[in-house]
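Asks: Before anything else, here's the structure in question.
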Amino acid sequence: MNIPIVPLVVATALFMETMDSSLLATALPAIARDLGVEPISLKLAITSYLVSLAIFIPISGWIADRVGARTTFRAALAVFMASSIGCATSTSLDGFVAWRFVQGMGGALMVPVGRLVLVRAIPKGELVRAMSFLTMPSLLAPVTGPPLAGFLVTYADWRWIFLVNIPVALLGIILATIYFTDEKPERVPLDVKGFALTTIALPGLVLGAALAGRHVAPPAVAAACFAIGLTGAYLYVHHARRTARPLLDIRLFSLPTFNAGVAGGTMFRMGIGASAFLIPLMLQLGFGLDAMTSGLITFTGAIGALIMKSLAPGLLRRFGFRQILIWNGLLASAALAATALFTPQTPHLLISAVLLGMGLLRSLQFTSLNAITYADVPQENTAAATSLASVSQQVSLSLGVAIAAVVLEGSAALGGRLSPDAADFSMALLTIAAISTLAVVWMVRLRQDAGQNMSGQARAMDEAP
């Protein structure tokens, strides 16, 4: 294996997954109209995908070691492609949500296993350069995704946003067949009990939040799901403390830097991640813009993230992780709160400028969080830390979307409206901005020199939200 072939093969999976989420956010209102449901109900399509990721990411490495990384990667791409076709042909909300869950199964395997192949194949001295090849294509997806989705929804059909995955998946399968191998390292036993408990806990918590609201399920159902999730989480914590090799090693939270990166990062991602769900809906449902115009406005945030990618390492070297995580986190949350001030009369250029700035700040924060998470993790615990961090990221995004939708629906209900208006979106945006601000509680506890050994390596860190 060589550079840049291996990271570019992995990048096909990361690009496809990122493009898929970018396209979906812009197309939600059009999908809702076609399926005959309220747009807010489609939060289930987002959360079902993220719940699937949270369930299957922890066992992705175990599966790759059992059947081989190449076989797992190709199978994951095939599942993602097949489920994309299923989404495109769905005619009901239930079918659409079910196919999104299957799509999450493919996503849970293809990106983590691809990164596992990369880390095992590339010498450490070349890993930074390899990561740059991997992340650059994925950063192009949020830039091109919203305008492409707007074009497809406006001039073709929303179903095409899923069909564009087919050629990318086929390319990845062909390249993996040529350049990957099926190396199988020493097998580690699967923590079956831990997997069973996380399968109860994570979906229960996320679905409990997602089902709350007027458009999905009775409050008793949402409460029951949440209670089941809490019970599963309690039982898992009890299990993990007494198991030598738990599926998700919660003992890593004793490391201050890991705790800040994951626990604090969860609060930040809950707020910032939900904005990708709320802002396209606000522009289309609250302001009455078409999908094309909405996509052309929101893609500026991705431009900001792309610009920051080259600036982040220098900023971290100059100011250090603690200062960046505190002050940049507060600025990013303030920028998110500023979007609550938008009205249908706000100039589109001003909205784009604010989203550009928010993209810059968000990108720097994600890069810093991803780096600080591994600053003090021993080499032998890297795989366990990666699994726990990945699951936390996906669960935080799920909860953020669910909370934002509940606030949006609740605000509309209090105003006697069946559908949310611009004021309801403002309330939801202010709520998630407040949640994002809470991350500072973890950041102020860091030492001044926290992550000093990583600050020169931030360019190698992924920007996954």
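The values are calculated or read from the model by the stated rules, or taken from the named source; none is laboratory data. Model, not experiment: these values are computed from the prediction. Here Cβ is always computed from backbone atoms with ideal geometry, including for glycine, and neighbour counts include all displayed protein chains.
Asks: Among the numbered criteria (1) touching a residue at least 40 places away in the same chain (Cβ under 8 Å); (2) under 29 Å from G150 (Cβ atoms), which single criterion is violated by T71?
Replies: Answer for T71: the failing condition is (2).
Asks: Only one of these conditions is not met by I3: (1) modelled with pLDDT under 80; (2) assigned to a helix (DSSP H, G or I). Which number is it?
Replies: Of (1) modelled with pLDDT under 80; (2) assigned to a helix (DSSP H, G or I), only one is false for I3: (2).
Asks: Could you list, in sequence order, all residues of segment 159-183 that are hydroxyl-bearing (S, T, Y), surrounded by fewer than 14 Cβ atoms within 10 Å (Cβ to Cβ) and not in a loop (DSSP other than H, G, I, E, B)?
Replies: Passing the criteria: only T177.
Asks: Right, another one. Within segment 59-69, is there a residue that is surrounded by fewer than 24 Cβ atoms within 10 Å (Cβ to Cβ) and farther than 20 Å from L248 by Cα?
Replies: Checked segment 59-69: at least one residue is surrounded by fewer than 24 Cβ atoms within 10 Å (Cβ to Cβ) and farther than 20 Å from L248 by Cα.
Asks: Here's another thing I want to ask about it. Inspect all residues belonging to segment 53-68 and state whether any of them is farther than 15 Å from V113 by Cβ, of a type outside the set (V, I, T), within 22 Å of the chain's Cα centre (by Cα) and part of a helix (DSSP H, G or I).
Replies: Yes: segment 53-68 contains one or more residues that are farther than 15 Å from V113 by Cβ, of a type outside the set (V, I, T), within 22 Å of the chain's Cα centre (by Cα) and part of a helix (DSSP H, G or I).
Asks: Out of L281, L289, L197, report the one residue that is in a loop (DSSP other than H, G, I, E, B) and either more than 21 Å from the chain's Cα centre (by Cα) or not acidic (D, E) (or both).
Replies: L289
Asks: OK, next. Any residue in segment 345-367 that is without any contact (Cβ under 8 Å) to a residue 24 or more places away in the chain and over 20 Å from L283 (Cα atoms)?
Replies: no
Asks: For T47, all conditions in the list (1) at pLDDT 80 or above; (2) within 30 Å of P420 (Cα to Cα) hold save one; what is the number of the exception?
Replies: (1)
Asks: Please identify the pairs in which a residue from segment 14-37 that is of a type in the set (F, W, Y) has its Cβ atom under 7 Å from the Cβ atom of a residue that is modelled with pLDDT of 80 or more and part of a helix (DSSP H, G or I), counting only partners at least 6 apart or on another chain.
Replies: What qualifies is F15/V168.
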